[in-house]
Amino acid sequence: MTSVFPPLAELLDALSVVQIPMRVKFRGVTAREAVLISGPGGWGEFAPFPEYNDLESARWLAAAIEAGWVGWPDPVRDAIPVNATVPAVPPGQVAGILARYDGCSTAKVKVAELGQSVRDDVDRVAAVREVMGPRARIRVDANGGWTVTEALDALRKLSAYDLEYAEQPCATVEELRALRLGLAYNGVDVLVAADESIRRASDPMLVVRQEAADIIVVKVAPLGGVRSALAIAQECGLPTVVSSALDTSVGIRAGLALAAALPELPFACGLSTVELMAGDVTDDSLVPSAGSIALRDLTVEQGLLDHWQAPPDRDQWWRERVARCHAVLAQQLLRQDERPGRPAGS
């Protein structure tokens, strides 16, 4: 948790709630809502998805506080290679989506969409390969949507398109482990990456102990901030991909800070998702140029905050959510202060 903890009134006075339409429905989302919070050191973003409970969402608030009140570790690189993201669209829409990403040589393709078939996934990945050519890297993301048997079948078919890896093909760590063994047994050469099994887990290291993944995918907000995510990545010791949670450029900036601080960055990062939204909160959106996003500070425009302002009922809903998550963080801090041998208020 961040070492700085502003009072609730300060957060509520400094926040704006935006509602930005999606260009294409993504994870069932047609409009992305987010809380932008202006702190003394910059802007933070609080945007946990509606299904997340307050305990889980409190990590997102901690990340926003870190961004606005603490800042980030020193970077070791000044540009971050990123992948294009292809939602679960028909093959005919693939070329238009990829055209929004300047110079990206890696694409992440959503698969295992509810109501779609493996045939749909194969056709979409085939279209990506056709548009991007044989040298491009293609990874797929199932968001835990397959059983082990379904994943084995799907990845056997999709491996014909030379996959870089499959992200969270199954929901549980035990299933990921079984899938890795099954892929090896059947001679299917596809690496397994863990996403939800890291960012939504009470014990992220279980993936490592169970040898359930080859790669980990980390996201700043769900893990409580850049420093917390960096510590988890270093403790896991596996190749790390930094990804976004469908953020505005404010949230993307935090992801870039994490990617810039990692000692090694062997894969393109999933931080180019602003293109999926119909707008942003800055005139200098963090989108790729020649396949990378340059590390730079942002100016959030008041005019854009006003333009995308959420309706009053949604504004109130988010303010109440911030208040509940602030209370969760306050309780966590209190428990830390009450630990034996810890000086009060330290």
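The values are calculated or read from the model by the stated rules, or taken from the named source; none is laboratory data. This is a predicted model, so every value here is computed, not measured. Neighbour counts run over all protein chains shown; Cβ positions are idealised from the backbone, glycine included. Just the protein is used for accessible areas: all its heavy atoms, side chains included, with ligands, DNA and RNA removed. Shrake-Rupley method; radii C 1.70, N 1.55, O 1.52, S 1.80 Å.
Put simply, of 95, 88, 63, 107 the only residue that is touching a helix residue (DSSP H, G or I) at 6+ places or on another chain (Cβ under 6 Å), outside any strand (DSSP E or B), open to solvent by less than 40 Å² (accessible area, probe 1.4 Å) and of a type in the set (A, V, I, L, M) is 63.
If you go through region 125-138 and pick out every residue that is under 22 Å from the mean Cα position of the chain (by Cα) and in a helix (DSSP H, G or I), you end up with 2. Among all residues of region 181-189, there is none that is in contact with a helix residue (DSSP H, G or I) (Cβ under 6 Å, 6 or more places away or on another chain) and open to solvent by less than 10 Å² (accessible area, probe 1.4 Å). Against the list (1) under 30 Å from residue 137 (Cβ atoms); (2) hydroxyl-bearing (Ser, Thr, Tyr); (3) surrounded by 21 or more Cβ atoms within 10 Å (Cβ to Cβ), the condition residue 57 fails is (1). What single numbered condition from (1) at pLDDT 95 or above; (2) part of a loop (DSSP other than H, G, I, E, B) fails to hold for residue 183? (2) is the only condition that residue 183 fails. Considering every residue within region 233-240, establish whether at least one is within 14 Å of the chain's Cα centre (by Cα), closer than 16 Å to residue 85 by Cβ and modelled with pLDDT of 95 or more. So far as region 233-240 goes, no, none of its residues is within 14 Å of the chain's Cα centre (by Cα), closer than 16 Å to residue 85 by Cβ and modelled with pLDDT of 95 or more.
Quick check on residue 246: is it of a type outside the set (S, T, N, Q) and open to solvent by less than 30 Å² (accessible area, probe 1.4 Å)? Here the answer is yes, as residue 246 does meet what is asked. Scanning region 256-263 turns up one or more residues that are crowded, with 16+ Cβ neighbours inside 10 Å, hydrophobic (A, V, I, L, M, F, W, C), in contact (Cβ under 8 Å) with a residue 40 or more places away in the chain and touching an Asp or Glu at 6+ places or on another chain (Cβ under 8 Å). Within region 139-180, restricting attention to residues that are part of a helix (DSSP H, G or I) and hydroxyl-bearing (Ser, Thr, Tyr), the residue that is most open to solvent (accessible area, probe 1.4 Å) is 149.
Would you be able to say whether some residue in region 329-340 is closer than 23 Å to residue 246 by Cβ, in a loop (DSSP other than H, G, I, E, B) and open to solvent by 20 Å² or more (accessible area, probe 1.4 Å)? No, there is no match, as no residue in region 329-340 is closer than 23 Å to residue 246 by Cβ, in a loop (DSSP other than H, G, I, E, B) and open to solvent by 20 Å² or more (accessible area, probe 1.4 Å).
Pairs meeting the criteria (first residue in region 95-118 and over 15 Å from residue 82 (Cα atoms), second residue assigned to a helix (DSSP H, G or I) and among the acidic types (Asp, Glu), beta carbons under 6 Å, at least 6 apart or on different chains) are 111/121.
Any residue in region 291-304 that's farther than 25 Å from residue 84 by Cα: show its pairings with residues that are in a helix (DSSP H, G or I) and of a type outside the set (S, T, N, Q) at Cβ separation under 9 Å, as long as the two are six or more apart or on different chains. What qualifies is 301/307. So, residue 304, is that one aliphatic (A, V, I, L, M), farther than 21 Å from residue 49 by Cβ, open to solvent by 10 Å² or more (accessible area, probe 1.4 Å) and out of contact with any Gly (no Cβ under 8 Å at 6 or more places or on another chain) or not? So residue 304 fails the test. Filtering 296, 314, 321 for residues that are basic (Lys, Arg), open to solvent by less than 10 Å² (accessible area, probe 1.4 Å) and within 20 Å of residue 64 (Cβ to Cβ) leaves a single hit, 321.
Close contacts from region 66-80, counting a first residue that is of a type in the set (Gly, Ala, Ser) and a second that is open to solvent by less than 20 Å² (accessible area, probe 1.4 Å) and not in a loop (DSSP other than H, G, I, E, B), with Cβ to Cβ under 7 Å and a gap of 6+ residues or different chains, come to 67/44; 67/254; 68/37; 68/39; 68/44; 79/293. Does residue 33 satisfy the criteria of being acidic (Asp, Glu), within 22 Å of residue 257 (Cβ to Cβ) and touching a residue at least 60 places away in the same chain (Cβ under 8 Å)? So residue 33 does not fit the description; no.
The condition of being modelled with pLDDT under 95 and either among the basic types (Lys, Arg) or closer than 30 Å to residue 132 by Cα (or both) holds for only one of 77, 59, 32, 23, that being 23.
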